[in-house]
Amino acid sequence: MFRSNSRSARFIAYLISIGVIVVCSSALFAIPRTSAVAAAPVLLLAVLLIARSFGTGPALVASVCAAIGFGTYFIPPVGLIIEDPNDWVAFGTFTITAIVVGELAARAERRQVALEDGKRAIEQLYQQLGEAFERASEAEAARRNEQLKSALLDALTHNLRTPLTAIKAAVTAMLSSGEIDLAALSNASRRELLLIIDEESDRLNRFIEGLSVADRPDPTQPNSFRAVAVEQVVREAVSRAETVARRHRVVVSVAAGLPQLAVDRSAIGEALYTLIDNASKYSPLNTTIRVEASAEDDRHVRLVVEDEGPGIAPELRDQVFQKFFRVPGRESVDPRRTGIGLGLPIAKRLVESQAGQIEIRTPASGRGTSVVLTLPCAAAETETEDAQAQPALRA
């Protein structure tokens, strides 16, 4: 389609328009017995095509030429002279029709051109908006990244400082009894301090491992685990959590006659400690945190940590086990105890590494959060930790 606005191009458009009408008129005249009725639609079609191709000016010139050609060749007598009034009516009607058709076609073409120009303008605007949005998104992403780095650093500092403080305190207590002689400490005191150092070192190691090691896609139960009593695991975790849960009521319930667990005691204890820590962090002060143990089936034991906090919506219960995810708008009841969404992912990995499962449910009361651990039971022939310890004690 011809749309150039240069003077030479417009002149060529006029010449082409006149040439098209001359060619069409001459061709129609050359065909024997071509009547005015047959020639008129052809000439009108030529005007229409010229209007669509070149616009209003060439279309009007083509309309005038078509009217002249129509009157000259197809209205008797042949020539520029018209004698019959009816022929004048036919000539006038054709002329007006040609002009109207040309103008309407030209207007339609102008609207089409305007629509396409508008479409291109909208596309350019959309592209500019997209680029601006990308730049804004990049700036927002950079800002959030800096916030995440800062929050991660704060959380790592907090989680690393806690076990290091306990280790430092234990070592300081041992060193304060003498420069190099630890005989001033009783065996029980020495053993207690060493146990603190050992447990907190393990806790520190598990925390770092939980950050750096990917989740196992198909966790299986290791065959080297010793059997451990459910009540022992629960009581040790609750005892460790006394400091973080001191502003809550912790109620422990362990069903009688539960089989022993085939798990790593430290790993499950760490997972339970993390769940109690989370419950105390987001539950209102002086509310109850329940830690319960019961039989799931013949081969599994169910451990439950239940709080009376705001709860977790069902659609978010899978996401909270993803690293760095936090429930929107959820803040700790103690501003000093902030988090970045690592506790539950680490707990999930610890539990699944023991061939266990972890999920979130709604408590029977309908209030709060219930985190359920399903752990495998030990086989009857599995060697227990207590049985291992007794020969060493007798020795």
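The values are calculated or read from the model by the stated rules, or taken from the named source; none is laboratory data. Values in this document were obtained by computation on a predicted structure and should not be read as measured data. Here the Cβ is made from the backbone with ideal geometry for all residues, glycine too, and neighbour counts use every protein chain on show.
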### Message
Within the range 321-334, does at least one residue satisfy the condition of being farther than 16 Å from THR274 by Cα, basic (Lys, Arg), at pLDDT below 80 and part of a loop (DSSP other than H, G, I, E, B)?
### Response
no
### Query
Looking at the range 277-294, which of its residues are over 14 Å from GLY356 (Cβ atoms) and in contact with a strand residue (DSSP E or B) (Cβ under 6 Å, 6 or more places away or on another chain)?
ALA279, THR288, ILE289, ARG290, VAL291, GLU292, SER294
### Message
Being of a type outside the set (Lys, Arg), surrounded by 14 or more Cβ atoms within 10 Å (Cβ to Cβ) and without any contact (Cβ under 8 Å) to a residue 40 or more places away in the chain is the filter here; which residues of the range 332-361 pass it?
### Response
GLY341, GLN357
### Message
Looking only at residues that are assigned to a loop (DSSP other than H, G, I, E, B) and either modelled with pLDDT of 90 or more or polar (S, T, N, Q) (or both) in the range 222-246, which one is nearest to the chain's Cα centre (by Cα)?
### Response
THR243
### Summary
Note on the range 255-275: residues part of a loop (DSSP other than H, G, I, E, B), surrounded by fewer than 24 Cβ atoms within 10 Å (Cβ to Cβ) and aliphatic (A, V, I, L, M) are ALA255, ALA256, LEU258
### Filter result (out of contact with any Gly (no Cβ under 8 Å at 6 or more places or on another chain), modelled with pLDDT under 90 and either in a loop (DSSP other than H, G, I, E, B) or at positive phi (or both)) within the range 336-363
ARG336, ARG337, THR338, GLY339, ILE340, GLY341, SER353, GLN354, ALA355
### Task
Scan the range 228-254 residue by residue and report those that are surrounded by 18 or more Cβ atoms within 10 Å (Cβ to Cβ) and small (Gly, Ala, Ser).
ALA229, ALA237, ALA241, ALA245
### Message
Could you go through the range 141-148 and let me know if any residue there is surrounded by 11 or more Cβ atoms within 10 Å (Cβ to Cβ) and modelled with pLDDT of 75 or more.
### Response
no
